[in-house]
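Heads up: the structure comes next, in structure tokens.
A short reminder: the numbers here are calculations on the coordinates, not readings from a lab. Values in this document were obtained by computation on a predicted structure and should not be read as measured data. Cβ placement follows ideal geometry from the backbone for every residue including glycine, while neighbour counts extend to all protein chains displayed.
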Amino acid sequence: MKTLKNLSIISFIGMLVLLLTACSKPETQVTKTATVKVKNTSKVDVPEDISTLMRAMGIQQFQEKVVAPDFKLTNLKDKEVSLKDFRGKFVLLNFMATWCHWCRKEMPHLQKLHDKFKDKDFIIMAVYSDREGAKAVKPFIKKSGYTFTENSGTYNSGLLDPTGRVTNMYRVTGTPTTYLINKNGDAIGVAQGYRDWSKKESFTLIEKLINSN
């Protein structure tokens, strides 16, 4: 058994970038972290064009297939939602907080990404680590007008994690942190810190990932 921590060790340079483009995570309730099942020990067979795009965007690609830990959280519509509810869709799992400067800077790009692919097999799951929960998140979403967690024909994918249980499960040390999860539920890469998800390279990458399996 291996953990996401074992599979997501980043370089010193990567850590420096993270410090410059992410918000520190506030103290939260400490919970037991989950282990990740390794499906095999061979390298992931990812097309070179996808690997090139991931490198260009500073996304760390996992070298082994790992199952993204499932979880359940309450969404912005007060319904319990799990990661498995979106199996069969490509998931961009973004850990964020409404108080985080870099998360707020990233949100308009997530909205453009959502608008581009909302009719495809694609979901943006936003896990809000605000300790005030719905009291902080719901008014922020209403005022900002963001709809990137509103999905036609499926559950709202804006999720509340006030205790930090799932945030800790995914070894998140700063926000925003984004995991890319394929249609089979495998975590294939992680981006730590702010990204412009609305630029051409991002659109091309997400389109290729949606169509890759």
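Let me check against my output: what whole-number percent is the relative contact order of region 109-168, with C-alpha pairs under 8 Å and at least 6 apart? Don't jump to the answer; show the numbers that get you there.
On the way: 63 pairs, mean separation 26.4, N = 60.
Contact order relative to length: 44 percent.
With +1 assigned to the C-beta of every Lys and Arg and -1 to the C-beta of every Asp and Glu, and no other charges, what is the dipole magnitude of region 59-123 about the Cα centre in debye, to the nearest 20?
Around 140 debye, computed over region 59-123.
In whole Hz, with x marking every Gly and Pro, tabulate ³J(HN,Hα) for region 142-150 from phi via Karplus 6.51 cos²θ - 1.76 cosθ + 1.60, θ = phi - 60°.
Those phi angles translate into 4, 6, 6, x, 5, 10, 6, 10, 8 Hz.
Let me see the pair-distance distribution of region 76-213: every alpha carbon pair, 10 Å bin width, integer percents in order.
Each 10 Å bin holds this share of Cα pairs: 12, 48, 36, 4.
Using the Cα gyration tensor of region 78-148, with a ≥ b ≥ c the square roots of its eigenvalues, what is the shape: rounded (a/c below 1.5), prolate (a/b larger than b/c) or oblate (neither)?
Cα axes put region 78-148 in the oblate bin.
Counting only DSSP beta bridges with both residues in region 59-178, tell me the antiparallel percent, nearest 5.
Counting DSSP beta bridges with both partners in region 59-178, the antiparallel share is about 40 percent.
Averaged over all directions, how much area does the convex hull of the C-alpha atoms of region 153-199 cover when projected, in nm²?
Values: hull surface 18.9 nm².
With every direction weighted equally, the projected area is 4.7 nm².
Using amide H atoms built 1.01 Å from N in the peptide plane, name the residues 5+ places from residue 62, or on other chains, whose amide H lies under 5 Å from its own.
Here 189, 190 satisfy the definition.
Can you compute 3J(HN,Hα) from phi for each residue in region 158-170, using the Karplus curve 6.51 cos²θ - 1.76 cosθ + 1.60 with θ = phi - 60°, rounded to whole Hz and x for Gly and Pro?
With the stated coefficients, region 158-170 comes to x, 10, 9, 10, x, 8, x, 4, 6, 4, 5, 4, 8 Hz.
Find the relative contact order for region 95-213 and round it to a whole percent, using C-alpha pairs within less than 8 Å whose residues are 6+ positions apart.
32
List the aspartates and glutamates whose Cα sits under 13 Å from the Cα of residue 72, skipping any in the same chain fewer than 8 residues away.
Hits, sequence-local ones excluded: 80, 85, 161.
Using the Karplus curve 6.51 cos²θ - 1.76 cosθ + 1.60 with θ = phi - 60°, what ³J(HN,Hα) values do you get for each residue of region 45-54, in whole Hz, with x for Gly and Pro?
8, 10, x, 4, 5, 5, 4, 5, 5, 5
Can you list the residues, at least 5 places off or on another chain, whose amide H is less than 5 Å from the amide H of residue 90, using H built in the peptide plane?
122, 123
Shape of region 71-114 from its Cα gyration tensor (a ≥ b ≥ c, root eigenvalues): rounded if a/c is under 1.5, otherwise prolate when a/b > b/c, or oblate?
Judged from the Cα gyration tensor, region 71-114 comes out oblate (a/c at least 1.5, b/c at or above a/b).
Quick check on the exposure proxy: order 170, 155 from fewest to most C-beta atoms within 10 angstrom. Each step should come with its number before you reach the end.
Values: 170 23, 155 20.
The fewest-first ordering by Cβ neighbours comes to 155, 170.
Where does each of 100, 23 land when they are ranked from fewest to most other beta-carbon atoms within 10 angstrom?
Starting with the residue having the fewest Cβ neighbours, the order is 23, 100.
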